[in-house]
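**Student:** Submitted below is the structure of interest, expressed as structure tokens.
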Amino acid sequence: MPEKTLRPSSGRHDAVKKDKAAKTAKTPPAAKQSGSKGASSKNEYDPADLDTWFLVLVDTWWKDQHGFKLFEVSGEPEDDGSIIAREWRCAAELEPPGGFKFGHQKFKQGSKKLKRKARLLREPKQAYVEVSVRRMTHGKGGSFVEIEFEQERVSEAYTRLALRSVLGKMS
């Protein structure tokens, strides 16, 4: 990404502007976009080229079921909540007879590449927390992740959502 030319000032202000410009850039600085074969590869990023982290996203609509979504993301959210991400989905094909043990769901990646997700982390009735995952493989030669302390982290996200709701009503 070409660096903006800024007019001279005290120095600190310019550094803040450069830092803000880097944070709000649509393409993470270290990211390499996929090849330009067709429109489907536009704005896709290879996870091997990125520093990624995982988050659990909760929504007021899912509260009764204690539901959540798992995302692998790169960088920090833009001002509008957009971020480079891909969803990981519960791997029903890995579910043992009788179901997963409580708090031990297995997730497979929803797509091979990460994409820019507009406003993913900006919805007022949603909240998220960063989570750690364990990467594992299964006998069928595939890989999956399991969230460490899954239910505790989901509960933490719902607590943040409740606080967000209370603080929103106070302002």
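The values are calculated or read from the model by the stated rules, or taken from the named source; none is laboratory data. Everything quoted here is computed from the prediction, not taken from an experiment. Heads up, the Cβs are rebuilt from the backbone with ideal geometry, glycines too, and the neighbour counts pull from every protein chain shown. Surface areas here come from the heavy atoms of the whole protein model, side chains and all, with no ligands, DNA or RNA. Shrake-Rupley method; radii C 1.70, N 1.55, O 1.52, S 1.80 Å.
**Student:** Using heavy-atom solvent-accessible surface (probe 1.4 Å) with all chains present, what is the largest-first order of Y158, Y128?
**Tutor:** Listed by decreasing accessible area, they come as Y128, Y158.
**Student:** Using r as the Cβ-Cβ distance of Q151 and W53, and R0 as 22 Å, what FRET efficiency do you calculate, to the nearest 0.05?
**Tutor:** Efficiency, from the Cβ-Cβ distance: 0.65.
**Student:** Here's a follow-up. Rounded if a/c is under 1.5, else prolate if a/b beats b/c, else oblate: with a ≥ b ≥ c from the C-alpha gyration tensor eigenvalues square-rooted, which is region 34-171?
**Tutor:** Cα axes put region 34-171 in the oblate bin.
**Student:** Note down the magnitude of the dipole of region 62-171 about its Cα centre, charges +1 on Lys and Arg C-beta and -1 on Asp and Glu C-beta and zero elsewhere, to the nearest 20 debye.
**Tutor:** 360
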